[in-house]
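Visitor: The structure's right below; bear with me while I get my questions together.
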Amino acid sequence: MPSFGPADARLLIVGLAPGLNGANRTGRPFTGDYAGDLLFATLAAYGFARGDYAADPHDGLTLVDCRITNAVRCVPPENKPTGTETRSCRRFLAATLAAMPRLRAIVALGRIAHDSVVAALGGSRANVPFAHGAHHAISDLRLYDSYHCSRYNTNTGRLTPEMFRAVFADVSAWLSERGDD
């Protein structure tokens, strides 16, 4: 699954893996499943997306100063990637990071995405623990953590839309303070 959004964006969102009935079917990350509904509405609310999201890659939605990729590039069995799959795909994540010259902030959606980003950046998971709403400095980047915006997490109350928006409010404020756009 290729990344979605401009390579010169300052924000990168890292999801888990393409959804079987979402991105795998539509060819665009987070498109066609519930996680995309919450993600794209939140991105639009904070100026990181423009246009109408209609769960179709031809809906005209564009990302603004934002790109989306996944820690694992193909649909894992039962939506649970193995450690081997995650490690095998890390080179794609590292290449995505390297190809973004203006990258300043990363939002990791879930622990697997977080751990993969930390490893791709050469950090230590022990020194950079995952916690929803946390942020960490890794070299010249800031890594923000959020629970994944999956239907399961929102239906169980582990992640509310307000909690999710709070992460992006923090990211937006930090990027605005930097002013290096």
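Visitor: May I ask you to sort LEU93, LEU103 by Cβ crowding, counting other Cβ atoms within 10 Å and putting the fewest first? Mind dumping the intermediate values first?
Guide: Working: LEU93 24, LEU103 19.
Ascending number of Cβ neighbours within 10 Å: LEU103, LEU93.
Visitor: Oh, and also: What does the helix-only formula give at 222 nm for the chain: each DSSP H stretch with n ≥ 4 adding -39500 (n - 2.57), the total divided by the residues, and the result rounded to the nearest 500 deg cm²/dmol? Please list the in-between numbers first.
Guide: On the way: 6 runs with 65 residues, N = 181.
Computed ellipticity for the chain at 222 nm equals -11000 deg cm²/dmol.
Visitor: Given points 7 Å out from each Cα along the Cα-Cβ axis, report the ALA94 to VAL64 separation in nanometres with one decimal.
Guide: 3.5 nm
Visitor: Here's another thing I want to ask about it. Can you tell me the Rg and Dmax of the chain, counting just the alpha carbons, in angstroms?
Guide: Taking only Cα atoms of the chain, I get Rg and Dmax of 14.8, 42 Å.
Visitor: When HIS135, HIS148, HIS114 are ordered from fewest to most other Cβ atoms inside 10 Å of their Cβ, what list results? Don't skip to the end; give the middle numbers.
Guide: On the way: HIS135 16, HIS148 22, HIS114 26.
Ordered from fewest to most neighbouring Cβ atoms within 10 Å, HIS135, HIS148, HIS114 come out as HIS135, HIS148, HIS114.
Visitor: Then there's this: Treating only the Cβ atoms of Lys and Arg (+1) and Asp and Glu (-1) as charged, compute the dipole magnitude of segment 121-181 about its Cα centre; round to the nearest 20 debye. Don't skip to the end; give the middle numbers.
Guide: Details: 6 positive and 7 negative charges, 74 e Å.
So the magnitude is around 360 debye.
Visitor: Note down the relative contact order for segment 114-181 as a percent, whole number, built from C-alpha pairs under 8 angstrom at least six residues apart.
Guide: Working: 50 pairs, mean separation 13.7, N = 68.
Once normalised by length, the contact order is 20 percent.
Visitor: What is the calculated FRET efficiency for LYS80 to ASP8, with r their C-beta to C-beta distance and R₀ = 35 Å, to the nearest 0.05?
Guide: Working: r = 33 Å, r/R0 = 0.95.
Efficiency for this residue pair is about 0.55.
Visitor: With Cβ to Cβ distances under 12 Å as the rule, what net charge do the other residues near ASP115 carry (K, R +1; D, E -1)? Walk me through the numbers before you get to the answer.
Guide: Working: positive: ARG87, ARG90, ARG111, ARG125; negative: ASP145.
Once positives and negatives cancel, what remains is +3.
Visitor: As a footprinting exposure proxy, order CYS74, CYS66, CYS149 by other Cβ within 10 Å, with the fewest listed first. Intermediate values should be presented prior to the final figure.
Guide: Working: CYS74 14, CYS66 24, CYS149 27.
Neighbour counts put them in this order, fewest first: CYS74, CYS66, CYS149.
Visitor: Given contacts defined as C-alpha pairs under 8 Å and at least six residues apart, what's the relative contact order of the chain, whole-number percent?
Guide: Working: 333 pairs, mean separation 44.1, N = 181.
Over the chain, the number comes to 24 percent.
Visitor: Could you work out the local net charge near SER150, counting Lys and Arg as +1, Asp and Glu as -1, over the other residues with Cβ closer than 13 Å to its Cβ? If you can, show how the numbers build up before the last one.
Guide: On the way: positive: LYS80, ARG111, ARG151, ARG158; negative: ASP33, ASP37.
Residues close to SER150 contribute a combined charge of +2.
Visitor: Charges at C-beta only: +1 for Lys and Arg, -1 for Asp and Glu. How large is the resulting dipole of segment 24-170 about its Cα centre, in Debye rounded to 20?
Guide: Values: 17 positive and 13 negative charges, 91 e Å.
The dipole magnitude comes to about 440 debye.
Visitor: Rank ALA108, GLY122, LEU143 by how far each Cα sits towards the positive end of the charge dipole of the chain (+1 on Lys, Arg Cβ; -1 on Asp, Glu Cβ) and give me just the farthest.
Guide: Of the candidates, GLY122 comes out farthest on the positive side.
Read-outs throughout are calculated quantities, based only on the coordinates presented, and are distinct from any laboratory measurement. No experiment lies behind these values; they were computed from the predicted model shown. Every residue, glycine among them, receives a Cβ derived from its backbone with ideal geometry; neighbour counts consider all protein chains shown.
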